[in-house]
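Rule-based calculations on the coordinates, nothing more; no lab input. Not measured: the values here are computed from a predicted model. Here the Cβ positions follow ideal geometry from the backbone for every residue, glycine too, while neighbour counts run over all protein chains shown.
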Amino acid sequence: MIVCHAFSMRILGSLILSALYATSAGATDNCAADAMVVFDGSGSMAEMGFNDINEPRIFEARRAISDTIPEIAERRRLGLVVYGPMGVDECTGVDLRFPPMLDAAKPVIDAVNSLEPSGSTPLTDAVKLAAETLDYQNRPAAIVLVTDGKETCGGQPCMLATDLANEGADTTVHVIGFKVRGSFFSWDRDTDNDYNVSESVARCLADSTGGTYTSAETLDQLIAALRETLGCQFLF
């Protein structure tokens, strides 16, 4: 009986170790898969003053990207879509800078550091382009959207969210709302969604695809959000 019990315990131990290894390997695979960063380069990223922001959003966004991307790019291929500037009009500035690539730290940092925010906010088209670049209908797609809030070009992020969830092989969109502000001139300033506690309309992209929505007001919060959504959490 003792021999049988010892043998059973060894078998059980082997099964537990196998399960733990499989879980660990799965987590590593997921957090090392190709990802697209969708970055807000619209004119509002240069705002400051009346919106309770001491310096343009783009300044802290550049610092956060420079701090986090080098360590993340060592472990996964990253691509970049920028929206806002360089369009033929206010709403056509959606630019695939590059698809997922190895050693993407310098290209990502250089692209963000050289941005001169301008244009409106076609964030829906930008996320759609990122998903298509990842071939989302045929393979897992991980997208991290950094935005200061609004869709101002007539796009419907929640409709896109439904399409990504229904048509994607395994599509996850994480949304980081960076210093999101409501409408300054609003009759509704005393509600829970008032000027300084607003959420991005893009939240539904995360909610519908199993991603996360994170509000970031400070540089440290933005750094933490980028690490959580782009990096393997056990590495930080």
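Sorted by packing (mean other beta-carbon atoms within 10 Å per residue), highest first, where do 34-42, 220-228, 78-86, 56-64 land?
On the way: 34-42: 26.3, 220-228: 18.9, 78-86: 23.2, 56-64: 20.7.
By packing density, highest mean first, the sequence is 34-42, 78-86, 56-64, 220-228.
Under a cut-off of 22 Å between alpha-carbon atoms, report the lysines in cross-link reach of Lys179, not counting same-chain residues fewer than 8 places apart.
Lys179 reaches Lys150.
Quick check: from the Cα gyration tensor, does region 27-143 come out rounded (a/c under 1.5), prolate or oblate?
Oblate, since a/c reaches 1.5 and b/c is not below a/b.
Looking at the square roots a ≥ b ≥ c of the eigenvalues of the Cα gyration tensor of region 88-161, which shape do they give, rounded for a/c under 1.5, prolate if a/b is larger than b/c, or oblate?
Details: a/c = 2.04, a/b = 1.07, b/c = 1.90.
Cα axes put region 88-161 in the oblate bin.
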